[in-house]
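One structure is given here, and the rest of the page talks about it.
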Amino acid sequence: MTTERRRIEIRGIAVDVDRKPIKNLHVGVYPPDGYVRVAAPERMDDEAIRLAVVARLRWIQRQQKGFVKQARQSQRQFVTGESHYFRGKRYNLDVVEGGGNASVRVRGNRVIELCVRPETTREHREQVIYRWYRRQLRAEVGPLVEQWAPRLGIEPPTWGIRKMKTKWGSCNTDAGRIWVNLELAKKPRACVEYILVHELVHLLERRHTDRFRELMDTFMPDWRLRRDELNAAPLAHEHWGY
């Protein structure tokens, strides 16, 4: 699918417009700051796009205000005593300096222990933590894919984990490949499962149509509650999607 992107300003709001070979226009507002993106049919002119966005301005502004109010962590320094999230729970970080290879483990119910060599930089400590997050998320998503694909009547797709700034997940229906955001390692299992099922359903229905919502209602009746829980959870620092 080819895409042409350009940026326009509508009533003081910057809007990225992607023209694609699709039938209907879609407006999305994304965290952390309420970034607005429009997917529009290739033949739709700028004026028609402007009118469509203006008609949705109140909704866009409500979404943006929600992101502004949403709890957000300050930038992490990866030092002892700092709070970090894992699978929906808040932990205190304990940085233990010593010899040997860097490692991370959960200690009890309240502590994530990070073992590194003395004088390890903040950037390296961050890399160690996020490599650990990636391994944990992979171990969680793999069984969910194997569990849910047969329920939906599809072959388990290829999937991967990636750093994404505006999406919790994505699906390339042509390639049959799913991506999940690395930040999901911090979220409750119910939220991870919701995102995965959402992307799997896109393999049955590409766009967010009535049929898509009907499929979600059929396979995961409480998906809206899970979505709301995910959207209410604290966001990372502004560099969202490490």
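Scan 103, 83, 170 and give me the residue that is of a type in the set (S, T, N, Q) and touching a Cys at 6+ places or on another chain (Cβ under 6 Å).
Just one listed residue meets the conditions, 103.
Would you check which residues across the range 120-166 are among the charged types (D, E, K, R), over 27 Å from residue 92 (Cα atoms) and in contact (Cβ under 8 Å) with a residue 24 or more places away in the chain and list them?
151
Output the residues belonging to the range 176-197 that are part of a helix (DSSP H, G or I) and either acidic (Asp, Glu) or open to solvent by 30 Å² or more (accessible area, probe 1.4 Å) (or both).
Matches in the range 176-197: 183, 189, 190, 193.
Do you know which residues across the range 83-120 are outside any strand (DSSP E or B), within 24 Å of the chain's Cα centre (by Cα) and buried (at least 17 other Cβ atoms within 10 Å of the Cβ)? Walk me through how you get there before you give the answer.
Narrowing the range 83-120 to residues outside any strand (DSSP E or B): 87-88, 98-102, 108-110, 117-120.
Subsequent filtering for residues that are within 24 Å of the chain's Cα centre (by Cα) retains 87-88.
Within the range 83-120, just 87 meets the criteria.
Name, by its number, the condition in (1) part of a helix (DSSP H, G or I); (2) under 28 Å from residue 96 (Cβ atoms) that does not hold for residue 161.
Looking at each condition in turn, residue 161 falls short on (1).
Could you tell me whether residue 128 is modelled with pLDDT under 95, buried (at least 16 other Cβ atoms within 10 Å of the Cβ) and assigned to a helix (DSSP H, G or I)?
no
Return the total of residues in the range 198-235 being over 22 Å from residue 153 (Cβ atoms) and open to solvent by less than 30 Å² (accessible area, probe 1.4 Å). Let's see the steps before the verdict.
Within the range 198-235, the subset over 22 Å from residue 153 (Cβ atoms) is 224-225, 227-235.
Within this subset, residues satisfying the condition of being open to solvent by less than 30 Å² (accessible area, probe 1.4 Å) are 230, 233, 235.
Matching residues across the range 198-235 total 3.
Quick one: residue 184 ticks every box in (1) within 24 Å of residue 25 (Cβ to Cβ); (2) touching a Gly at 6+ places or on another chain (Cβ under 9 Å) bar one, so which box is it?
Condition not satisfied by residue 184: (1).
If the requirement is being at pLDDT below 90 and under 23 Å from residue 190 (Cα atoms), which of these qualifies: 86, 67?
Values: 86 fails: at pLDDT below 90.
Only one candidate passes the filter, namely 67.
Restricting attention to the range 93-120, which residues are of a type in the set (S, T, N, Q) and either in contact with a Phe, Trp or Tyr (Cβ under 7 Å, 6 or more places away or on another chain) or modelled with pLDDT of 95 or more (or both)?
If the condition is that a residue be of a type in the set (S, T, N, Q) and either in contact with a Phe, Trp or Tyr (Cβ under 7 Å, 6 or more places away or on another chain) or modelled with pLDDT of 95 or more (or both), then 103 is the only one that fits.
Pairs, please: C-beta under 6 Å, at least 6 apart or cross-chain, first residue touching a residue at least 40 places away in the same chain (Cβ under 8 Å) and in the range 75-97, second open to solvent by 50 Å² or more (accessible area, probe 1.4 Å)?
Qualifying pairs under 6 Å: none.
The values are calculated or read from the model by the stated rules, or taken from the named source; none is laboratory data. Everything numeric here is computed off the predicted structure, so don't read it as measured data. Positions of Cβ are backbone-derived with ideal geometry, glycine not excepted, and every protein chain shown enters the neighbour counts. All accessible areas refer to the heavy atoms of the entire protein, side chains included, with ligands and DNA or RNA removed. Shrake-Rupley method; radii C 1.70, N 1.55, O 1.52, S 1.80 Å.
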